[in-house]
1. With +1 on each Lys and Arg Cβ and -1 on each Asp and Glu Cβ, how big is the dipole of segment 7-336 about its Cα centre, in debye rounded to the nearest 20?
2. I'd like to compare 133-140, 313-320: which one has the highest average count of other Cβ atoms within 10 Å, and what's the full order after that?
3. Per residue and in Å³, how big is the convex hull formed by the alpha-carbon atoms of segment 69-186?
4. How long are the semi-axes of the equivalent ellipsoid of segment 7-336, taking √(5λ) for every eigenvalue λ of the Cα gyration tensor, in whole Å from largest down?
5. Starting from 0.36 nm per residue, how many nanometres of slack lie between V201 and T220 once their C-alpha separation is accounted for?
6. Set the Förster distance to 25 Å, then compute FRET efficiency between D279 and D194 from the Cβ-Cβ distance, nearest 0.05.
7. Could you point to the residue in Y285, F271, S313 farthest towards the positive end of segment 241-314's charge dipole, with +1 and -1 charges on the Cβ of Lys/Arg and Asp/Glu respectively?
8. Looking at segment 157-202, I'd like the Rg to Rh ratio, where Rg is from alpha-carbon atoms and Rh is Kirkwood's inverse mean 1/r.
Amino acid sequence: MDPVYNATDCFPANGTNASLNCSGFNQFVQPVWRITLWAVAYCSIVVVSVAGNVVVIWIILAHKRMRTVTNYFLVNLAFAEAAMSAFNTVINFVYAVHNDWYFGLAYCRFHNFFPIAAIFASICSMTAIASDRYMAIIHPLQQRLSSTETRLVIAVIWVLALLLAFPQYYYSSTTPLPGRTVCYIDWPEYATVDFRKIYYVCVTLLIYFLPLGIMGCAYTAVGISLWASEIPGDSLEHYREQLLAKRKVVKMMVVVVCTFAGCWLPYHVYFLLHQFFPDVFEQRYIQQVYLAVMWLAMSSTMYNPVIYYCLNSKFRAGFQQVFCCCAPTVAKDELELKTPRYLQTQVSSYRASRMETVVSTAVCPGERAAPEVTSNGSEANNNTAPPRTAPRGTL
């Protein structure tokens, strides 16, 4: 077992423990003004993240038009981020500042266990979205995931996430010290292998570098397919709209992935360095570095709703419907008007107009088709011949 009183072993090796010194003396006391600033910064994350991600979940689940494969994964991503922000951010800050664990053994285990599971679920959801976009654009003729299959994939993601994080739960422990209590990971010691280092290296690969590599390859192929050639000038309006819509979705998800990668990179570099150079992390300034790195990582949970609002008109309408009383009707129309029934009506109207055009050109000059009198006394065209060409696609 790791020596409980060794300062480097009690340091937060997983990002959720913040005891920088396992002796009874706390050398990392901060002035009140600095603690206040950090408290405002961390609490802001919780407010923005929980409120924004809850609204994202509501927009998708409360509007039938929004229930797509991509959006189901966005629901899973929003849930994981909101939960991690609500259950871990403030507790992490309190422990980092006070170096005293007030919350008992059960929450110590949950506090060490849940962030790994939530991060894994988040990045796997983004990877699933990238895979779905890749299949939809590069292989459009292959069958897409159904809603049932999507839910099954989400369930598998969470099962794998819980299994990956289980060692953090199993080896978590609390130890009373003179004047305070510490929450830490009591890793087992083996003569031939360093289980702790192997675990953290594997976790970093699985929750960061490997998924980002997969998403990078997928979005590179999708970007080449969507942006390699210009839209033909004589293409149908429906084709142009579809292509532009796909580009917008890909742009939004690339921004989401890049934001996640930028926020979590310092975190993973920080804790990988701690595994191999622990002596550096005994300096007094390291607490401020830790608080900054952890704030940046946890802030990734609050950016996605802002990105959705800025880059997607449907999400923007949903946020306006929740937070803006000035134009709720316009926002509701954006989310609800173009339902499948509405689209079928538009297609029928388009077909009817095409039919009338074809029939009118088929009538000889000087002739006029005999009108049919409807029940209300108006005249209607009696020609019902099918059009020569069918419209390509629907709105």
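1. Dipole about the Cα centre, nearest 20: 560 debye.
2. Output ranking for 133-140, 313-320: 313-320, 133-140.
3. Details: hull volume 11.6 nm³, N = 118.
In segment 69-186, the Cα convex hull volume per residue is 98 Å³.
4. The three semi-axes for segment 7-336 are 40, 23, 17 Å.
5. 4.2 nm
6. 0.95
7. S313
8. 1.08
Bear in mind that the values in this text are calculations on the coordinates, not laboratory data. Since the structure is predicted, the reported quantities are computational estimates derived from the model, not experimental observations. Virtual Cβ from ideal backbone geometry, glycine too; neighbours counted across all protein chains shown.
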